[in-house]
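Okay, structure first, notes after.
We did not get these values from a lab; they are worked out from the coordinates using the rules stated. All figures in this text were calculated on a predicted structure; none of them were measured in a lab. Because the Cβ atoms are built from the backbone with ideal geometry, glycine has one as well, and the counts that use them run over all protein chains shown.
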Amino acid sequence: MAIGDENIIPDVAIDDPELTLGLPPVVTAQTGMDALTHAIEGYVGKNHTPLTDAMAVEAITQIGACLETAVRDGSNIAARAGMMYAQTAAGLAFENAGVGNAHAMAHQLGAVHDMAHGLANAVLLPYVMEFNAPVCLERMARIAQLLGTDVSGFDTGRAAAQAAAAVARLNKAIGIPASLGECGLDSVDLDLLAKKALADGATTTNPRDTSLEEMRALWAAAYEGALQARTLV
């Protein structure tokens, strides 16, 4: 469950990539995808601004370029530094622009199923992106490009669909499960999770308004692995 208060916010934060050199691959992968979720949700959310856009774009670009290397070779200081810059930029983006449904849902997985926050965000992100795409096609198409997908010659809708696929590919490359079912959750109470997620403040800045029925369907898709963009992965 999320805890926030001005008394736990530091006055100064020193981001030193050398301190992450011994971070295990699984933690590198999950925290890296948490940063990507911050950046993407900040970029497409209702409260984005030109300033947060700049931070989010830089974060997405750096993560796309550095995360897989940081996971596979944790001693690569250049990749570690790139990820450190990226998570800082992503933090500046989402703290000012907000997040969205992926975070609203991930908070509930942490509270109800004790799932690590980065893992929850990583698994949920492609499904939320696919759900949100119809209301932010151009931004999703840009995300696909930033993550290295060639969308030249594609119309906006087809290009936008590549964004969720690009995130799913990155997840696969760094060992993130493709669905909640693959995370070892034998069963989930979809109604409970849907209601709790909709009550989370992160939904207020999600680009697409979400009904209870849509939220339940989103949970079901993430649990079952029903990602339409999977055909592009």
| query | For segment 65-174, what does the alpha-carbon gyration tensor say about shape, rounded, prolate or oblate, given a ≥ b ≥ c as the root eigenvalues, a/c under 1.5 as rounded, and a/b over b/c as prolate? | reply | oblate
| field | Nitroxide proxy distance, nm - points 7 Å out along Cα→Cβ at Ala226 and Asp5 | value | 4.2
| said: With unit charges on the beta carbons (Lys and Arg positive, Asp and Glu negative) and the dipole taken about the Cα centre of the chain, which residue among Thr156, Leu193, Ile14 sits farthest to the positive side? | reply: Thr156
| query | If you place +1 on the Cβ of every Lys and Arg and -1 on the Cβ of every Asp and Glu, how big does the dipole about the Cα centre of segment 23-232 come out, in debye to the nearest 20? | reply | 300
| task | Between beta-carbons, use under 11 Å as the cut-off and find the net charge around Arg216, counting Lys and Arg +1, Asp and Glu -1. | result | -3
| field | Relative contact order for segment 56-142, counting Cα pairs under 8 Å that sit 6 or more residues apart, in percent | value | 21
| remark: Counting Lys and Arg as +1 and Asp and Glu as -1 over every other residue whose Cβ sits under 10 Å from the Cβ of Arg80, the net charge comes to -3
| query | Which whole-angstrom value gives the distance between the alpha carbon centres of segment 169-193 and segment 84-116? | reply | 16
| remark: From the Cα centre of segment 31-81 to that of segment 200-218, the distance in Å is 23
| said: I need the calculated FRET efficiency for the pair Leu212 and Ser152, taking r as the beta carbon distance and R₀ as 41 Å, to the nearest 0.05. | reply: 0.55
| task | Assuming a ≥ b ≥ c are the square roots of the Cα gyration tensor eigenvalues, decide whether segment 23-232 counts as rounded (a/c under 1.5), prolate (otherwise, with a/b larger than b/c) or oblate. | result | rounded
